[in-house]
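Notes for the one structure printed next.
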Amino acid sequence: MKNRSLVSINDYSPAEILEILNLAAEFEKNPGQALLTGYVVATLFFEPSTRTRLSFESAINRLGGRVIGFSDSSSSSVSKGESLKDTILTVSNYSDLIVMRHPLEGSAQYASEVSPVPIINAGDGAHQHPTQTLLDLYSIRKTQGRLDNLKICMVGDLKYGRTVHSLLIAMSAFQPLFTFIAPEELKMPDEYKHLLDKKGIPYQEHRDIADNLNDADIIYMTRVQRERFSDPLEYEKVKNVYILRDSMLTNTKSNMRILHPLPRVNEINPDVDSNPKAYYFEQALNGVYTRMAIISKILGVK
Amino acid sequence: MQDKKELKVSAIRNGTVIDHIPSQNLFSVINILGLNKIGTQVTFGFNLESKKLGKKAIIKVADKFFEDDEINKISLVAPDAKLNIIRDYQVVKKRVVSVPDEITAIAKCMNPKCISNHEDITTRFDVIQKKPIQLKCLYCEKITDQHHLEII
Ligand SMILES: [Zn+2]
């Protein structure tokens, strides 16, 4: 992994994923390790994402590294029309590693081709967000004690949700069982179902949340957004259907945990927050340990 | 040897005749093969009658013999093109084009949010299906199909 960019979750083999998760667990036990003294990491956020940026910057700071960068392209040379290539080449002179978020799909791949220093993709449009996937995997393993043979239930926007697609791909190395719960317009795309068919991974599809959660080990919630619907009436019909409420959790398994990439809007009712099965805020904390592990591996200090 | 159709464009002694090009894609073929920059004699005809294509174009390039991966680049715009390799006015070899497994710098990604449509980038695609064509962008990983195919 040393000196290799992380653009897509497919860049890491299952063995490398486990290596990252093991190192993240080490950092969780002992977060104060000044492994990056003397290193400078750039965080280039061409579109704002405060949550992801703070998680990366916290990870870098905990490792004793320095951070440079911008949080929004309006405050940078990009607003003067500089090309991505020029920005990356310039910033690579000042840093050992570049973490970037960009609204255009494929931008991280392109940056990794022109950059002399490694790139970590912190989200490129609707395309990929591999550190989110790794922190999801970390959260799943931490709460279940393993990654293999788990029943994963994905709920909400399964058509456009990049986090569920990446998670599906990454989990498919670990013999999962999937349940997909989504409105007709936001069903899991065929290409992902074909991929599961090819690997012999079983999955079920349902329209309703009720009664389909009880055998899940993980419930992965996503936002159902109005702008995803071609027919506004269709959105009005489903917007209150894909909301998880505490009353739905009564018969779920005791080991079951609820994940959500955050921020949530209304898809998880606040009455779920105090249920011990709610895990989404801890999940966010796991992001720091996971990112510490990814950065350390790429810079070769671990 | 030369039939009536061939005479519509003057014969060459040595070189390559590319026949059965859809007329509207003649200039794409010329661009893709760099024939606008070549030093040797190039003659072409277009809007020639063709039972198969309606209107076809034909290009004759003197003293030029194409490598397979060079000529296969035109498969996106002239999938039915036929080549005659000419030596001393005689057809010594015939061949057809085939779609390569990778396409570089010819097609445009149909995803408006793809970085390749916003920066000065040489596009690259994996060919995931040859007929009808389906290209997977190596940047955004979206599929561009025959229907949305645009040649740069
Ligand atoms: Zn693309």
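The values are calculated or read from the model by the stated rules, or taken from the named source; none is laboratory data. Just so we're clear, the structure is a prediction, and the values are computed from it rather than from any experiment. All Cβ positions, even for glycine, are placed from backbone atoms using ideal geometry, and neighbour counts span all protein chains on display. In case anyone asks, the SASA skips ligands and DNA or RNA and just uses the protein heavy atoms, side chains included. Shrake-Rupley method; radii C 1.70, N 1.55, O 1.52, S 1.80 Å.
Comparing A:66, A:162, A:223, which has the greatest mean-square fluctuation in the GNM of chain A with Cα pairs linked when under 10 Å apart? Highest fluctuation of the listed residues: A:66.
Taking a point 7 Å out from the Cα of residue B:41 in the direction of its Cβ, the residues of the range B:85-106 whose backbone N falls within less than 16 Å of it are B:86-90. When +1 charges are put on Lys and Arg Cβ atoms and -1 charges on Asp and Glu Cβ atoms, the dipole computed for the range A:130-284 relative to its Cα centre reaches about 440 debye. What separates the Cα centres of the range B:122-152 and the range A:1-56 is a distance of 32 Å. Sorting A:297, B:55, B:142 on solvent-accessible area from highest to lowest, probe radius 1.4 Å, gives B:55, B:142, A:297.
Annotation for the range B:46-152: GluC sites (Glu not before Pro) lying in DSSP loop with at most 14 further Cβ atoms inside 10 Å of their Cβ are B:67. Run the reach check for residue B:82 against aspartates and glutamates, Cα to Cα strictly under 19 Å, same-chain hits fewer than 8 apart removed. What comes back? Within the straight-line cut-off, residue B:82 pairs with B:3, B:6, B:19, B:49, B:63, B:67, B:68, B:69, B:70.
Reported to the nearest whole Å, the Cα centre-to-centre distance from the range B:55-97 to the range A:204-235 is 54. Comparing mean-square fluctuations of B:28, B:50, B:98 from a GNM of chain B with C-alpha springs under 10 Å, the top value falls on B:50. Given +1 at the Cβ of Lys and Arg, -1 at the Cβ of Asp and Glu and no other charges, the dipole of the protein assembly as shown around its Cα centre is 1000 debye to the nearest 20.
Placing +1 on the Cβ of every Lys and Arg and -1 on the Cβ of every Asp and Glu, with nothing else charged, gives the range A:1-145 a dipole about its Cα centre of roughly 340 debye. Our analysis of the protein assembly as shown gives Rg over Rh at 1.08, with the two radii drawn from alpha carbon positions and Rh computed by the Kirkwood formula. Partner aspartates and glutamates whose Cα lies under 15 Å from the Cα of residue A:277, excluding those fewer than 8 positions away in the same chain, are identified as A:215, A:217, A:246.
For the range A:12-142, the gyration tensor built on C-alpha atoms gives a prolate shape. Its axis ratio a/c (a ≥ b ≥ c) is at least 1.5, and a/b is the larger of a/b and b/c.
Which of rounded, prolate or oblate describes the range A:129-233 when judged by the alpha-carbon gyration tensor and an a/c cut-off of 1.5?
It comes out prolate by the Cα gyration axes.
Remark: the Cα gyration tensor places chain B in the prolate category, a/c being 1.5 or greater and a/b exceeding b/c. Compute a Gaussian network model of chain A, connecting alpha carbons closer than 10 Å, and tell me which residue from A:58, A:107, A:74 fluctuates the most. Result for chain A, Cα springs under 10 Å: A:74 fluctuates most. Counting only protein chain heavy atoms and rolling a 1.4 Å probe, the accessible areas of A:160, A:235, A:280, A:94 rank, largest first, as A:94, A:160, A:235, A:280. When A:273, A:208, B:69 are compared by accessible area at a 1.4 angstrom probe, the order from most to least is B:69, A:208, A:273. Listed by chain and number, the lysines whose alpha-carbon sits under 16 Å from that of residue B:113, ignoring those within fewer than 8 places in the same chain, are B:136, B:142.
Exceedance of the 27 Å cut-off in Cα-Cα distance is limited, within the set A:193/B:131; B:51/B:130; B:55/B:131; A:297/B:108, to A:297/B:108.
Measuring between their Cα centroids, the range A:267-302 and the range A:86-116 lie 25 Å from each other.
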